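The values are calculated or read from the model by the stated rules, or taken from the named source; none is laboratory data. Not measured: the values here are computed from a predicted model. Heads up, the Cβs are rebuilt from the backbone with ideal geometry, glycines too, and the neighbour counts pull from every protein chain shown.
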Amino acid sequence: MEFRSTGIFRYSPPLNNQGKLIRRDGQTTKWWLIIECDPELGRYLRYQFSIKTYRTKNIQAPLWGTHISVIRNEEPPIKTHWKKFQAQKIAFTYESDIQETEGYLWVPVQCEPLLKHREALGLPQQPKLPLHLTIGNMKITQSI
């Protein structure tokens with residue numbers, strides 16, 4: 001089943017309130033584009049996952065909150081469109097089937113305008129990882 005929501009364009013998202021772009025691994029978030037989404041949507045989906053897994057896993061919100069990663073450290077060949085939609089709203093659809101990959105929780109997303117924006121920046125239309133809404137990450141609760 002598909003649902004609809006909206007998010008906000010955030011280019012070169014900072015890692016903290018001071019605007020830091022350098023990650024712990026030395027990489028930068030300069031050439032990242034995320035869509036910042038409703039934190040309540042992420043909270044709801046994390047709750048659904050928690051119930052589905054019988055509350056056996058600790059789930060945390062992502063560093064950037066609930067978001068869609070559109071560009072992940074890919075310097076665009078055509079920079080004239082970089083930051084073109086900063087702080088603008090965009091609609092997308094998502095599926096409610098929560099997936100887990102290497103400790104990250106996400107749901108599939110469809111949004112043709114985001115794919116067209118990648119193309120306008122000179123990037124492949126499809127990112128290496130298909131568009132998805134990141135809702136959290138987790139650690140397995142250990143028994144004492």
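Structure above, values below:
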item	result
Verdict on residue 8 being crowded, with 17+ Cβ neighbours inside 10 Å, within 14 Å of the chain's Cα centre (by Cα), within 20 Å of residue 127 (Cβ to Cβ) and modelled with pLDDT of 95 or more	no
Residue match in the stretch 83-90 (condition: surrounded by fewer than 13 Cβ atoms within 10 Å (Cβ to Cβ), out of contact with any His (no Cβ under 9 Å at 6 or more places or on another chain) and more than 18 Å from residue 10 (Cα to Cα))	no
3 or more residues under 16 Å from residue 133 (Cβ atoms): qualifying strands (runs of 3 or more DSSP E) within the stretch 1-90	2-11, 32-37, 67-72
Residue 12 of a type in the set (Ser, Thr, Tyr) and more than 23 Å from residue 115 (Cβ to Cβ)	no
In the stretch 91-135, residue nearest to residue 1 (Cα to Cα) [restricted to those that are among the charged types (D, E, K, R), in contact with an Asp or Glu (Cβ under 9 Å, 6 or more places away or on another chain) and without any contact (Cβ under 8 Å) to a residue 60 or more places away in the chain]	128
Residues satisfying the stated conditions in the stretch 99-112, i.e. surrounded by 12 or more Cβ atoms within 10 Å (Cβ to Cβ) and out of contact with any strand residue (DSSP E or B) (no Cβ under 6 Å at 6 or more places or on another chain)	100
Unique match (being under 22 Å from residue 137 (Cβ atoms) and surrounded by 14 or more Cβ atoms within 10 Å (Cβ to Cβ)) among 14, 62	62
